[in-house]
Amino acid sequence: MKDTFRQFLLGLVMLSVGCGVAVASDSEWDLSGNTALQLRGFSQNALWPEQNSSDAEVSLSGEWEVRWRSEEGDQRASFIPFARWDENDDERTHMDLREGYWAYEGTAYEGSAYDGVDFEFLVGVNKVFWGVTESVHLVDIINQTDLVEDIDQEDKLGQPMVNLALQQDWGLLNIYLLPYFRERTFPGQDGRFRAPLPVDWDDAEYESGAEEKHMDLALRYSHYFGDVDVGVYYFRGTNREPRLEVSSNGQRLTPFYDQIDQLGVDVQYTKDAWLWKLETIVRDGYDESFMAAVGGFEYTFYQVYESNADIGFLMEYQYDDRSSKEPITIADNDLFVGGRWSLNDTQDTALLAGVVVDDETSETFFNIEAERRFGDSVVVELRVRAITNAEPDEPLYSFSQDDYIQLQISRFF
Amino acid sequence: MKQRNIFSATLLFVASIASFSQLLISPALAATIEEKTPEEVKGFDIAARSDRSDRGFGDSEAEMTMVLRNAAGQEASRTMRFTTLEIPDESVGDKSLVLFSTPRDIEGTALLSHAKMLDPDDQWLYLPALKRVKRISSRNKSGPFVGSEFAFEDFTASELNKFTYKYLREEACGELQCDVVERFPRYENSGYTKQISWVDTTDYQIRKIAFYDRRDSLLKELKFEDYRQYADTYWRSHRLVMKNMQTNKSTDLVYGEYKFGVGLTDSDFVKGRLSRLR
């Protein structure tokens with residue numbers, strides 16, 4: 001909680017900088033957000049004895065977005081707090097500042113060495129996404145995963161940063177200084193989706209003596225050349241993935257965050273109805289350095305059977321040659337096959353279904369996501385997730401009794 | 001005398017290169033010229049005159065409300081901001097950016113397009129929930145734009161050289177006289193065999209377009225209403241009414257005041273800006 005409090009404080013400072021400038025001038029404000037009710041139903045009893053025995057779980061969440069832009073348009077600020085209450089898991093009841101920054105953009109002075117270069121300077125908490133693939137987000141590294149939100153790892157914690165973006169004819173260069181590390185959230189003792197022992201994530205250990213105050217650094221170049229979009233980056237700092245070690249009393253898992261050097265590349269080739277995608281990383285971390293990659297395609301049939309609907313087929317292969325001493329990954333030799341059905345109707349109805357199969361162990365993960373808007377402001381989402389063929393010595397075994405259906409009703413404003 | 005000889009020799013050399021290169025390109029050139037009937041020439045000229053009446057606007061920005069109506073008359077709406085950067089080169093299309101503000105669940109979603117003439121456009125979609133920029137296929141020309149009766153190509157295919165033309169007739173259109181011109185998409189994957197356009201003979205603006213589907217039957221009718229002139233030069237319709245004649249669904253686009261000369265440049269239309277629009 002101390003962590004979160006500090007985040008909020010930083011965000012408020014950033015926002016008040018914006019407000020201070022804003023008071024007198026004719027600037028733009030925008031308030032929006034959403035509140036959501038989430039219901040989960042589990043098909044089986046929890047696997048581990050201390051987990052909550054209930055097969056249903058109710059939770060509520062809210063996200064509020066305050067945005068500001070100066071009259072001249074060259075300054076902007078954002079303040080986005082998020083909170084969730086969960087009836088079963090105390091760790092899932094949590095708050096975070098997703099965004100809280102102030103940014104200034106302009107063009108470098110005439111006559112300077114950078115004449116004509118457009119830049120943006122941003123200070124505060126922000127979220128940054130990199131990558132092209134669908135089944136796993138391998139190159140995405142700036143933000144820590146908010147794992148209690150969803151096991152798909154697409155929810156992220158706000159990351160404090162100083163970011164300089166330089167847009168030139170030959171591409172976009174981004175420099176990130178990341179002065180404060182965010183620890184990954186993990187389900188508590190009562191929660192689902194956990195290992196036999198719960199992770200004591202407030203008591204993390206670090207390779208760096210500076211611990212969470214280690215200054216991480218990232219440098220990224222991205223651009224497109226005709227039909228090919230490319231991103232390349234170098235990251236040096238605290239690994240977002242922890243190794244989990246059994247604590248001295250044997251009752252808990254302690255996260256251990258190593259220092260890493262990582263190179264990442266993401267490429268997409270867009271031709272006709274084909275999207276060809278590749279993400280790859282090389283990481284020098286705790287053990288020997290290793291590489292990982294995910295690549296595949298997405299092909300879309302537009303307006304199938306003379307309707308307005310599109311059907312897309314997705315296939316990706318996940319490869320990872322990390323040693324067993326590194327943080328565990330499930331995306332090591334897996335094949336992902338999926339389909340996307342978009343109705344392109346007024347309600348933006350869409351369905352995504354996919355399955356990930358491990359080549360070696362045949363562990364299988366099923367995922368269905370459907371959504372539809374009702375009226376102007378209510379969105380209903382349905383998710384079904386299931387795991388089969390997980391043997392006790394395999395990583396997904398811990399979640400093997402956590403198959404669930406989730407219904408979420410969100411109201412946007 | 002000697003100098004003059006050299007001069008004329010040079011001229012001769014230049015002339016022979018010119019005629020040689022003409023020889024090279026002439027079959028293609030001749031084909032297009034010879035095949036053009038007087039109706040095709042006149043049709044193109046009318047479209048070109050209309051297109052050129054808009055030349056030099058530079059950049060523009062406007063808020064737009066889209067009203068979608070189903071056959072039973074039930075309405076849904078969405079609002080967005082349209083910005084356009086004119087590219088003076090006629091062989092390349094304009095750049096445009098659409099930023100959604102409602103429905104609220106898609107607020108911040110943005111679509112960036114770099115239009116081409118006959119090649120597929122370059123398009124990027126920004127998804128604010130993940131803060132993800134995604135290059136998308138622009139093959140989907142005929143698909144509906146955000147669930148409306150407008151297809152993607154109805155927004156991007158206003159460029160002169162995306163069509164061939166054929167003049168049909170002149171007739172009254174409301175209080176004005178109109179040239180009626182057929183146009184045929186030259187680009188691939190269009191949902192239309194042809195379009196018939198009504199272009200007025202006073203201000204050279206398009207007043208109506210009838211769209212014919214792949215079976216050559218009437219699919220949609222688009223009316224351009226509430227034209228207003230900016231800077232004594234540029235005309236903009238502020239109400240576009242698209243009606244699907246086969247399903248009876250319709251979509252209105254209602255534009256607010258246009259702003260011209262906003263000072264936009266190429267760097268406002270790059271994918272790296274999509275995450276910084278709000």
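Looking at A:V304, A:M215, A:S59, which one has the Cα that reaches farthest to the positive end of the dipole of the range A:2-412 (charges on Cβ: Lys, Arg +1; Asp, Glu -1)?
A:S59
Would you mind giving the mean number of other chain beta-carbons within 10 Å of the Cβ of each residue in A:339-350, as a whole number?
3
Explain nothing, just the number: dipole magnitude of the protein assembly as shown about its Cα centre with +1 on each Lys and Arg Cβ and -1 on each Asp and Glu Cβ, in debye rounded to the nearest 20. Working shown, then result.
Details: 73 positive and 121 negative charges, 528 e Å.
Value, rounded to 20: 2540 debye.
Show which lysines lie in cross-link reach of A:K325 when reach means a straight Cα distance below 28 angstrom and same-chain residues fewer than eight apart are skipped.
A:K156, A:K213
Based on DSSP H runs of at least 4 residues, each adding -39500 (n - 2.57), what is the mean residue ellipticity at 222 nm of chain B after dividing by all its residues, to the nearest 500 deg cm²/dmol?
Values: 3 runs with 54 residues, N = 278.
Roughly -6500 deg cm²/dmol at 222 nm, from the helical runs in chain B.
Given labels modelled 7 Å from the Cα in the Cβ direction, how far is it in nm from A:E28 to A:A108?
2.8
Positive end of the charge dipole of the protein assembly as shown (Lys, Arg +1 and Asp, Glu -1 on Cβ, about the Cα centre): tell me which of B:G256, A:A165, A:V117 has its Cα farthest that way.
Ranked along the dipole, the leading option is B:G256.
Determine which lysines satisfy two conditions relative to B:K141: a Cα distance under 20 Å, and not lying fewer than 8 residues away in the same chain.
Within the straight-line limit of under 20 Å, B:K141 reaches these lysines: A:K271, B:K95, B:K116, B:K162, B:K194, B:K220, B:K243, B:K249.
Would you pull out the residues with amide H under 5 Å of B:F150's amide H, same chain only if 5 or more places away, H placed 1.01 Å from N?
Under 5 Å from the amide H of B:F150: B:F145.
If you take the beta carbon distance between A:M95 and A:L263 as r and set R0 to 30 Å, what does 1/(1 + (r/R0)^6) give as a FRET efficiency, to the nearest 0.05?
Computed FRET efficiency for A:M95 and A:L263 comes out at 0.30.
With everything on Cα atoms, drop me the angle between helix B:2-35 and the longest principal axis of chain B, reported from 0 to 90° to the nearest 10.
40
Given the Cα-Cα distance of A:F121 and A:A83 and 0.36 nm per residue of separation, how much length would full extension add, in nm? Walk me through the intermediate numbers first.
Values: separation 38, 0.36 × 38 = 13.68 nm, distance 2.80 nm.
Residue separation times 0.36 nm, minus the Cα-Cα distance, leaves 10.9 nm.
How high is the FRET efficiency from A:L37 to A:A195, r the C-beta distance, R0 25 Å, rounded to 0.05? Walk me through the numbers before you get to the answer.
Numbers: r = 29 Å, r/R0 = 1.15.
After rounding, the FRET efficiency stands at 0.30.
Rounded to the nearest 10 degrees, what's the angle between the helix B:38-52 long axis and the longest principal axis of chain B, both from Cα atoms, 0 to 90?
Helix B:38-52 and the main axis of chain B meet at about 60 degrees.
Across the residues of B:259-270, average count of Cβ atoms on other protein chains within 10 Å? Show your work: numbers first, answer last.
Numbers: counts 0, 0, 0, 1, 1, 0, 3, 3, 8, 2, 0, 8.
The shielding value for this peptide is 2.
What FRET efficiency comes out for the pair A:V384/B:Q177, r = Cβ-Cβ distance, R0 = 60 Å, nearest 0.05? Can you show the working numbers first?
Working: r = 61 Å, r/R0 = 1.02.
According to the calculation, E is roughly 0.45.
Please get the size of the charge dipole for the range B:50-276, origin at its Cα centre, with Cβ charges of +1 on Lys and Arg and -1 on Asp and Glu, quoted in debye to the nearest 20. Provide the component values of the computation, followed by the final result.
Details: 35 positive and 37 negative charges, 202 e Å.
I would put it at about 960 debye.
Per residue of B:128-141, count partner chain C-beta atoms within 10 Å of its C-beta, then hand back the mean as an integer. Let's see the in-between values first.
Values: counts 2, 3, 8, 9, 7, 7, 6, 10, 3, 11, 3, 7, 6, 1.
Mean number of neighbouring Cβ atoms from other chains: 6.
Bear in mind that the values in this text are calculations on the coordinates, not laboratory data. A quick note: this is a predicted structure, and the numbers were derived from the prediction, not measured. Backbone-built Cβ (ideal geometry, glycine too); neighbour counts: all protein chains shown.
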